[in-house]
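Undergrad: Mind having a look at this structure? Questions to follow.
Every read-out reported here was derived from the displayed coordinates using simple, explicitly stated rules and does not represent laboratory data. In this text the structure is predicted, and so the values were computed from the model without any measurement. Because the Cβ atoms are built from the backbone with ideal geometry, glycine has one as well, and the counts that use them run over all protein chains shown.
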Amino acid sequence: MSTPLVAVAHGSRDPRAAATVAGLLEAVRALRPGVPVHASFLDHAPPAPGRVLDGLARDGVDEAVVLPLLLTAAYHSKTDIPGVLARARNRRPRLRTRTAATLGPHPLLMDALERRLADAGVAPGAPDTAVVLVSAGSSDPSANATIRRLAREWRARGWWDVVPAFASASRPSPAEAVAAFRAAGAPRVAVASYILAPGHFADKVRAESLAAGADAVSPVLGAAPEVAELVVHRYAEALAVRAEQAAV
């Protein structure tokens, strides 16, 4: 049997979030039908990752890849998930875990963002369109710096301009970024939601951006084919590290 993949999402009280994660993991299973794929959530929704790992250990599994369904490396990937894994190791010392990298940053996510903008009627790289790239925001400065770097890189694809914005914890807000583009004379303003699943932040971004004058707001990334492909890529990376370590 292939090494199981335990995907760890943030979790939300909004049932749309868990349904979106389920849809993404169905797309992953279609790409890698031989891999057992399990969903888990850090908060607000069952099952918790520790419970999933305990279940695998009870079933005799001796190794699993734990993959954060997170778009940037921040508190959850640096603190919460390592804590979960440390407790799991204490309970189940025979179960080895490999932690995959967070989904972002990666070029496939830029492709997924453009797919979702196209879903909202915005052609990729439209030279008359200014793009506000919105993430949930983080208290971790390095995570916010990643979004700013992604915005700079995305400008090269032909847009009128691209700037970062944050739904919480940092500035500018989506509404501030949209208003600034309007004041600068942007012919059209689109908001790209760098958010994995529906919920509070996605709803907030959409409402505030439209109220500030955005012409379009993209849906969340969700089960975009590029995101499913990236999950498979991160899983393979984690296994490749294991193989390299075994060869040393």
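Undergrad: Normalising by the residue count of the stretch 135-248, find the relative contact order in percent from Cα pairs under 8 Å and 6+ residues apart.
TA: 21
Undergrad: Further, regarding this structure: Using 1/(1 + (r/R0)^6) with R0 = 22 angstrom and r between the beta carbons of Arg16 and Ala120, what's the FRET efficiency to the nearest 0.05?
TA: Computed FRET efficiency for Arg16 and Ala120: 0.80.
Undergrad: Based on the mean of other Cβ atoms within 10 Å per residue, sort peptides 229-238, 24-33 so the most packed one is first.
TA: Result, highest mean Cβ count within 10 Å first: 229-238, 24-33.
Undergrad: Place a +1 charge on the Cβ of each Lys and Arg in the stretch 1-136 and a -1 charge on the Cβ of each Asp and Glu, then give the dipole magnitude about the Cα centre in debye, rounded to the nearest 20.
TA: Roughly 700 debye, rounded to the nearest 20.
Undergrad: Dipole of the chain, Cα-centred, from +1 at each Lys and Arg C-beta and -1 at each Asp and Glu C-beta, to the nearest 20 debye?
TA: Around 620 debye, computed over the chain.
Undergrad: Pick out, from Leu25, His200, Ala64, the residue whose Cα sits farthest towards the positive end of the charge dipole of the chain, with +1 on the Cβ of Lys and Arg and -1 on the Cβ of Asp and Glu.
TA: Working it through, the farthest residue towards the positive pole turns out to be Ala64.
Undergrad: Rounded, prolate or oblate: which fits the stretch 131-228 when a ≥ b ≥ c are the square roots of the eigenvalues of the alpha-carbon gyration tensor, with rounded for a/c under 1.5 and prolate only if a/b beats b/c?
TA: rounded
Undergrad: Using alpha carbon coordinates only, what is the Rg to Rh ratio of the chain, with Rh defined as the Kirkwood radius?
TA: Rg divided by Rh gives 1.01.
Undergrad: Moving on. Can you give the Kirkwood hydrodynamic radius for the stretch 106-146, in Å, rounded to one decimal and based on Cα pairs?
TA: 11.8
Undergrad: I would also like to ask the following. Quick check on the stretch 19-108: what are the equivalent-ellipsoid semi-axes from the Cα gyration tensor, as sqrt(5λ), descending, whole Å?
TA: So the equivalent ellipsoid measures 21, 17, 13 Å along its semi-axes.
Undergrad: Continuing with the same structure: Pick out, from Leu95, Val131, Ala118, the residue whose Cα sits farthest towards the positive end of the charge dipole of the chain, with +1 on the Cβ of Lys and Arg and -1 on the Cβ of Asp and Glu.
TA: Of the options given, the answer is Leu95.
Undergrad: Suppose only helical runs count, i.e. DSSP H with n ≥ 4. What mean residue ellipticity at 222 nm does that imply for the chain under -39500 (n - 2.57) per run, divided by all residues and rounded to the nearest 500 deg cm²/dmol?
TA: The helix-only estimate for the chain comes to -14500 deg cm²/dmol at 222 nm.
Undergrad: Fully extended, how many nm does the chain gain between Asp43 and Asp128 (0.36 nm per residue separation, minus their Cα-Cα distance)?
TA: The span from Asp43 to Asp128 would gain 26.5 nm if fully extended.
Undergrad: Residue by residue through the stretch 64-70, which ³J(HN,Hα) values in whole Hz follow from phi under the Karplus form 6.51 cos²θ - 1.76 cosθ + 1.60 (θ = phi - 60°), with glycine and proline marked x?
TA: With coefficients 6.51, -1.76 and 1.60, one gets 8, 9, 9, 10, x, 7, 10 Hz.
Undergrad: Then there is this: What dipole magnitude, in Debye to the nearest 20, does the stretch 127-248 give about its Cα centre under +1 on Lys/Arg Cβ and -1 on Asp/Glu Cβ?
TA: So the dipole magnitude of the stretch 127-248 works out to roughly 200 debye.
Undergrad: Let me ask something additional. Highest mean first, what order results for 111-121, 130-140 on Cβ atoms within 10 Å?
TA: Packing proxy ranking, top to bottom: 130-140, 111-121.
Undergrad: Hey, can you grab everything whose amide H is under 5 Å from the amide H of Glu63? Only 5+ residues off in sequence or another chain; H modelled, so Pro and N-termini drop out.
TA: Amide H neighbours of Glu63, under 5 Å, 5+ apart: Arg96.
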